[in-house]
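A short write-up of the structure that comes next.
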Amino acid sequence: MAKRLQGKTALITGGTSGIGAATAELFISEGANVVISGRSVEKGETLIERLGNQATYCESDVTNEEDIAKAVNFTLDKHESIDILFNNAGGPVGAPLDQLTQEHIDYGVKLLLSSVILGTKAAIEPMKSQGGGCIINNSSVAALRYRQGDPLYSCLKAAVTHYTKMAGIELGAFNIRVNSISPGAIATPIFWGGSGRANTLSEEENERKMNKLQANLARSVPLKRTGLAKDIAEAALYLASDSGSFVTCHDLVVDAGRTSMFYEPND
């Protein structure tokens, strides 16, 4: 059976852990060459050692415009094309409404929105010159419903979803498809601060917390199972492959039905 991304090159931002790492692994299994960008050199080098010769790491911070362009240029220098860009990098940015500062807002815009806009900008000319490409932006169900994230995060993700549609319209004539994915609650150690270098918990304690998290998340959705990073990776694969070749300007919600449930104010 032919691999769905055979011969294609993908750049995944925030690719050293979580959804980004799961997507890199799946894309490689489907034949793609993958450039993983992120801030943690240690995580990046560990990951590409595990994934093999089809993976390359580029140190890059998506809150910095020069770093965004650097990752795209690194991909082009290494592989001479960029067929897929997954603007995946993100993280928590906000605070309660009465505690928000300009610093929160500036950082949030850079991390969640500017990174998508500037990443897209950097990929446009290379994709035009090669006859097309696929851009995927990681949004969130927080863009769609109350209490799925803090207000600043939610508003910025709503902007990502809307920008995706606008960019898809503008770039459609060049055979550049632009879509977003809105994950529901996905079980990762970030829920308890268990990802990154600050994690001092034992492997057993992390596993215990993950098991508890998965059980809690499963109870909150109609399908009664936990969302995992690989579920979002599969959505990204569909959008990046020929199976999604007629899909653009679309926000693909992957949430086990969470956004269809009525939400009591005091839940």
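All of the numbers you see were taken from the coordinates with simple rules; none came from a lab. Fair warning: this is a prediction, and the values are worked out from it, not measured in the lab. Heads up, the Cβs are rebuilt from the backbone with ideal geometry, glycines too, and the neighbour counts pull from every protein chain shown.
Stretched out fully, how many nm does the piece from GLN102 to PHE174 gain, at 0.36 nm a residue minus the Cα gap? Could the numbers behind the result be given before it?
Numbers: separation 72, 0.36 × 72 = 25.92 nm, distance 3.76 nm.
Computed gain between GLN102 and PHE174 is 22.2 nm.
According to a simple spin-label model (label point 7 Å from Cα along Cα-to-Cβ), what is the distance in nm between MET1 and SER129?
My value for the distance between the label points is 3.7 nm.
Near the amide H of VAL254, under 5 Å away, which other amide H atoms are found, from residues 5 or more places off or on another chain, if H is placed in the peptide plane?
So VAL254 has HN proximity to SER182, GLY184.
Test of understanding: in a Gaussian network model of the chain with alpha carbons linked when under 10 Å, which of ALA123, ALA256, ALA215 would top the mean-square fluctuation ranking?
ALA215
Give me the number: length gained by fully extending THR46 to LYS78, i.e. 0.36 nm times residue separation minus the C-alpha to C-alpha distance, one decimal in nm.
Working: separation 32, 0.36 × 32 = 11.52 nm, distance 1.95 nm.
Full extension of this stretch gives 9.6 nm more.
Using Cβ counts within 10 Å as a stand-in for footprinting exposure, how do SER60, SER114, SER37 rank, fewest first?
In increasing order of surrounding Cβ atoms, one gets SER114, SER60, SER37.
When you take every Cα atom in region 6-126, what is the radius of gyration, and what is Dmax, the widest Cα pair distance, in Å?
Using the Cα atoms of region 6-126, the pair Rg, Dmax is 14.7, 50 Å.
Build a GNM of the chain with springs between Cα atoms under 10 Å: which of ALA32, ALA69, ALA173 gets the top mean-square fluctuation?
ALA173
Rank GLY38, GLY18, GLY257 by mean-square fluctuation in a GNM of the chain with C-alpha springs under 10 angstrom and give only the top-ranked residue.
Ranking GLY38, GLY18, GLY257 by mean-square fluctuation puts GLY257 first.
What does the charge add up to near LYS70, with Lys and Arg as +1, Asp and Glu as -1, over the other residues with Cβ less than 13 Å from its Cβ?
-4
Tell me whether the chain comes out rounded, prolate or oblate; compute the Cα gyration tensor, take square roots of the eigenvalues as a ≥ b ≥ c, and use a/c under 1.5 as the rounded threshold.
Since a/c stays below 1.5, the shape of the chain is classed as rounded.
List the trypsin sites (Lys or Arg not before Pro) within region 130-167 that fall in a DSSP loop (any state other than H, G, I, E or B) and whose Cβ has at most 15 other Cβ atoms within 10 Å.
ARG147
Specify the angular offset, from 0 to 90 degrees and rounded to the nearest 10, of the alpha carbon long axis of helix 229-240 from the longest principal axis of the alpha carbons in the chain.
Approximately 30 degrees, to the nearest ten.
Would you calculate, for the chain, the mean residue ellipticity at 222 nm contributed by helices, counting each DSSP H stretch of 4 or more residues as -39,500 (n - 2.57) and dividing by all residues, to the nearest 500? Intermediate values should be presented prior to the final figure.
On the way: 8 runs with 109 residues, N = 267.
That calculation yields -13000 deg cm²/dmol at 222 nm.
Tally Lys and Arg at +1 and Asp and Glu at -1 over the other residues with C-beta under 14 Å from the C-beta of PRO151: what net charge comes out?
+1
What does the charge count near LYS110 come to, summing +1 for each Lys or Arg and -1 for each Asp or Glu among other residues with Cβ under 15 Å from its Cβ?
-3
Please give the length that would be gained between MET261 and LYS224 if that part of the chain were fully extended, namely 0.36 nm times their separation in residues minus their C-alpha to C-alpha distance (nm, one decimal).
Additional length available on full extension: 12.0 nm.
Which pairs break 18 Å Cα to Cα here: LYS157/LYS224; LYS8/LYS128; LYS70/LYS110?
Checking Cα-Cα distances, LYS157/LYS224 exceed 18 Å.
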